[in-house]
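Notes to accompany the following structure.
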Amino acid sequence: MYALSQFSLSDMTRFGIELRRLGADAVSMEEVANRIVTAVHQKLVIAPSNERACALVRTFVTLPYAQLPAEQQAFSATLFPDIASQPGVKCLTLLATAGEEAEWNQRTLSRGHQALPLPSEESLVRSPMISQLIHQLDVPVSSLLNADSSMLLDSHQRTFNVFHVANALGSPFIPAQQQFVVPYGIRSVIGFGGLLPPGELFATILFTKTPVSRDVAELFRTLALNVKVALLPFAGTKVFA
């Protein structure tokens, strides 16, 4: 167990090794992502009670519409009816989820985030949390939406930033304030991620029930590299279970 509000460099090192190893014997990126969100949800706690620190943990990946399973294609079409005629449109796709409610532990039960179409930079305005996530991770939006291979090459020379909202209550970047933030006591939000071949973004987002400082959030930069190592063998090949 790791006390999230006191998360340290040594904690990050040990937990990073654990996350890196979760790809062993997996057969799909979805399986690895499920192991990752489950580990984060179970092992980050609030001291001294050892109550779980995260109400919800989710991992997303961008994929072209044409590569989504039929159910996710149907979901994305409810948000962007013309998407079938544009099979290359990127969708921010829910890959794995773990949380307090039963329906938060199966990606196909998500009511609003199974596959979010990103047809243009302007479309991100409708999703302020996603827009801010991409912005804080310092990912060039135009390159991401157009699968610019140079962005992937650049990523090998850098460590991406973290998405951090210290005070979730009342934040314009965190939606569903009355339906989610208030009733579940969400205090902070952390997101970390990076790029996978052929230029797709992955991001893991933690909705925490304990305040998380910027110094603690910064430690998740390195965890992003460990998660990338675990996911990498399935990039561009076997994504879904």
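Structure summary
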| read-out | value |
| --- | --- |
| Leading residue by the ranking (nearest to residue 64 (Cα to Cα)) among those in region 167-206 that are small (Gly, Ala, Ser) and surrounded by 15 or more Cβ atoms within 10 Å (Cβ to Cβ) | 199 |
| Any hit, region 61-77, residues being surrounded by 17 or more Cβ atoms within 10 Å (Cβ to Cβ), touching a residue at least 12 places away in the same chain (Cβ under 8 Å) and under 30 Å from residue 1 (Cβ atoms) | yes |
| Selection status of residue 32, surrounded by 16 or more Cβ atoms within 10 Å (Cβ to Cβ), over 25 Å from residue 185 (Cα atoms), at pLDDT 95 or above and touching a helix residue (DSSP H, G or I) at 6+ places or on another chain (Cβ under 6 Å) | yes |
| Residue match in region 20-28 (condition: farther than 21 Å from residue 193 by Cα and in contact with a helix residue (DSSP H, G or I) (Cβ under 6 Å, 6 or more places away or on another chain)) | no |
| Selection from region 148-176 of residues that are within 22 Å of residue 88 (Cβ to Cβ) and either at pLDDT 80 or above or in a loop (DSSP other than H, G, I, E, B) (or both) | 148 |
| Exclusive hit being of a type in the set (D, E, K, R) and under 23 Å from residue 44 (Cβ atoms), set 228, 238 | 228 |
| Residue selected from region 1-14 under the condition among the hydrophobic types (A, V, I, L, M, F, W, C) and closer than 14 Å to residue 217 by Cβ, by the criterion surrounded by the fewest Cβ atoms within 10 Å (Cβ to Cβ) | 9 |
| Output for region 117-147, where each listed residue is buried (at least 21 other Cβ atoms within 10 Å of the Cβ), out of contact with any Lys or Arg (no Cβ under 9 Å at 6 or more places or on another chain) and modelled with pLDDT of 80 or more | 130, 133 |
| Pair list, Cβ < 9 Å and 6+ apart or interchain, from region 128-139 residues that are polar (S, T, N, Q) to residues that are part of a helix (DSSP H, G or I) | 131/124; 131/125; 131/141 |
| Residues that are of a type in the set (Ser, Thr, Tyr) and outside any helix (DSSP H, G or I), drawn from region 24-69 | 28, 49, 59, 62 |
| Residue selected from region 183-219 under the condition modelled with pLDDT under 95, under 17 Å from the mean Cα position of the chain (by Cα) and not hydrophobic (A, V, I, L, M, F, W, C), by the criterion farthest from residue 90 (Cα to Cα) | 218 |
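The values are calculated or read from the model by the stated rules, or taken from the named source; none is laboratory data. Bear in mind the structure is a predicted one, so any value in this text is a computation, not a measurement. We place every Cβ from the backbone using ideal geometry, glycine too, and count neighbours over all the protein chains shown.
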